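Data first, discussion second: the structure below is written as structure tokens.
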Amino acid sequence: MTRRLVRRAPVMCAGVAVALLFGQTLPGTPAAHAHADPTRSPFVADTWQRFTSARLQGDGSLSDIVGLSPTDVWAVGQQDIWDAWEHRSAIVHWDGRTWTQVGIRNDGAGAEHLRSIAAASPTDLWVVGTAHDRLPYVAHGDGTAFDRVSVDQIGAGDWLGGVDAVPGKVVAVGRRDRAPLILTRSGTTWKVDVAKGEGTLYSVAISGKGEGWAVGDAGGQPLIMRLSGGSWKRVPLPRLPGGYLRDVHLDGPKRALAIGGIYHGQGRSTALMLAWNGKRWSKLKVPVRSAKLYGVTGDGKGRFYVSGFDAKRPEETFLLRHDGRSTEIIRGGRAGAHRTIRLQAVTTLPGSSAVWAVGHVVDASDRYSDVITAFVPKSRSRAEKNGSEIKKAAPATR
């Protein structure tokens, strides 16, 4: 999930930013080289970088990421996942050279799992998840530390899965009992909306112009709700039995992309992508049916990037890129034999052309390691100017 920002950061060369990020690598992971797949792609080959880690303790995973500049990136997740008594949340920050864990003040219970992070500005950050006291968790960051925020309008039985923020407004979504829940903060006032009918919302994307989308599932069908005229309403969708949506990115009034899957029973599912053209949502063709899709972002120029993993090639770094007309597979380096890499979220950075993704690597013993990776996409115009595609990506930067 990528959040819209209110100021552009000083420009740093994408290669320099990514080189700094990957000065330290995840133990046991090879250098990552990449090529665009299929070979008919009009893009010059992308350069992937080595895997790295924020060094979460025990079994750790990163769930979401937001980038404000090449020297100001935040990610959230959890660590010691399998320890029922010790598992706890994680907030990490990239300052251009190192990843550092950041604490949460004024919180006796502690966060258990932070699922989503958003930034209205470098000093106005929001995270949501679950607390050890089993209550929904909301925290606010000022760019140096976070504080747990008490919201009287939510409590036991509520669940929060996604958040987005613009100056003066924050929206978090989830579930109350069996109904879709939308929690909105305008100025300093919180308000709760509970939609009619059953359903759960997992992600939300809003703009400073009062537009917004929230996605999830309801009754074995995808669920999309639209913010328009100050109120949220369900929108009609193509009938997709077994369908669900996990993330959405808004790129203007006529461009949005929602991603998820269609469950077919017995542990089988196929990837699902829905596109908004300003009038209706329509199903897109996904070039690999075995993919599991988790996160989506955009570059503000009509290109979307989707993170996840390919169940048939689980050891390879995997993204999708959609340009409004077609969708292509982008594969990166291997996590190693008998290891699965799942990219849970993806972001673009103002001031850089690099695309960053976070998630985890699972080994043969079912141990988790948090993972961070990035690549520098080559532009379509450069490919056309060169008149040919590069057949092999450049070596990974150290």
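Counting only protein chain heavy atoms and rolling a 1.4 Å probe, the accessible areas of PHE375, PHE309 rank, largest first, as PHE309, PHE375. When the Cα atoms of segment 244-307 are aligned to their principal axes, the ranges along those axes come out at 38, 22, 19 Å in descending order. Just how far, in whole angstrom, is segment 325-351 from segment 53-125 if you go by their alpha carbon centroids? For segment 53-125 versus segment 325-351, the Cα centre distance is 20 Å. Taking the protein heavy atoms of segment 275-374 in the context of the full set of protein chains, the accessible area attributed to carbon and sulfur is 45 percent at 1.4 Å.
Taken per residue, the accessible surface of segment 105-242 reaches 41 Å², heavy atoms only and a 1.4 Å probe. Using only alpha-carbon positions in segment 196-242, the gyration tensor eigenvalues give semi-axes of 21, 10, 9 Å once each is multiplied by 5 and square-rooted (largest first).
With a probe of 1.4 Å, find how much accessible area segment 273-321 has per residue, and write the answer as a whole number in Å². Intermediate results must be reported in sequence, preceding the final value.
Numbers: 1990 Å² over 49 residues.
Averaged over the residues of segment 273-321, the accessible area is 41 Å².
Where in segment 307-329 does the label zone of HIS338 land, with the point 7 angstrom along Cα→C-beta and an amide N cut-off under 17 Å? Backbone N within reach: 314-316.
Normalized C-alpha radius of gyration of segment 280-344, against 2.2 N^0.38 Å?
On the way: Rg = 12.4 Å, N = 65, 2.2 N^0.38 = 10.7 Å.
Compared with the compact-globule rule of thumb, segment 280-344 sits at 1.15.
When the listed pairs LYS209/LYS292; LYS209/LYS283; LYS196/LYS312; LYS254/LYS312 are checked against a 28 Å cut-off, the alpha-carbon distance exceeds it for LYS209/LYS292; LYS196/LYS312; LYS254/LYS312. Heavy-atom accessible area, probed at 1.4 angstrom with all protein chains present, ranks THR71, THR184 as THR71, THR184, highest first. Please list, in order, the residues from segment 227-266 whose amide nitrogen is less than 19 Å from a point placed 7 Å along the Cα→Cβ vector of GLU198. Counting backbone N atoms under 19 Å from the label point, the list is 234-235, 237, 239-246, 261-266. Spin-label point model (7 Å from Cα, Cβ direction): what's the GLN153 to LYS301 distance in nm? In this crude spin-label approximation the distance works out to 3.9 nm. Across segment 99-210, the relative contact order, built from alpha-carbon pairs under 8 Å that are at least six residues apart, equals 20 percent.
Taking the protein heavy atoms of segment 109-162 in the context of the full set of protein chains, the accessible area attributed to carbon and sulfur is 49 percent at 1.4 Å.
Seen from a random direction on average, the alpha-carbon convex hull of segment 225-337 projects onto 8.0 square nanometres.
Please report, in debye to the nearest 20, how large the charge dipole of segment 254-320 is about its Cα centre when each Lys and Arg carries +1 at its beta carbon and each Asp and Glu carries -1 there. Please list the in-between numbers first.
Numbers: 13 positive and 4 negative charges, 92 e Å.
It works out to roughly 440 debye.
Remark: segment 336-341, residue by residue, has Karplus-estimated 3J(HN,Hα) of x, 4, 6, 10, 10, 10 Hz, where x stands for each Gly or Pro and the curve is 6.51 cos²θ - 1.76 cosθ + 1.60 at θ = phi - 60°. For the modelled label position 7 Å from the Cα of SER282 along Cα-to-Cβ, which residues of segment 204-244 have backbone nitrogen atoms closer than 14 Å? Taking a point 7 Å out along Cα→Cβ of SER282, the residues of segment 204-244 whose backbone N falls under 14 Å are 238.
Give the average over all directions of the projected area of the C-alpha convex hull of segment 112-250, one decimal, in nm². Before the final figure, lay out each step's value.
Numbers: hull surface 32.7 nm².
The number I arrive at for segment 112-250 is 8.2 nm².
In a solvent-free Debye calculation with one equal scatterer on each Cα, what is log10 I(q)/I(0) for segment 48-135 at q = 0.22, 0.23, 0.25 Å⁻¹, listed in the order of the q values? The calculated log intensity ratios at q = 0.22, 0.23, 0.25 Å⁻¹ are -1.13, -1.21, -1.37.
The values are calculated or read from the model by the stated rules, or taken from the named source; none is laboratory data. A quick note: this is a predicted structure, and the numbers were derived from the prediction, not measured. Neighbour counts are summed over all protein chains in view; Cβ atoms, including those assigned to glycine, are modelled from backbone coordinates with ideal geometry. When the accessible area is computed, the model is the full protein with side chains, heavy atoms only, and any ligands, DNA or RNA have been set aside. Shrake-Rupley method; radii C 1.70, N 1.55, O 1.52, S 1.80 Å.
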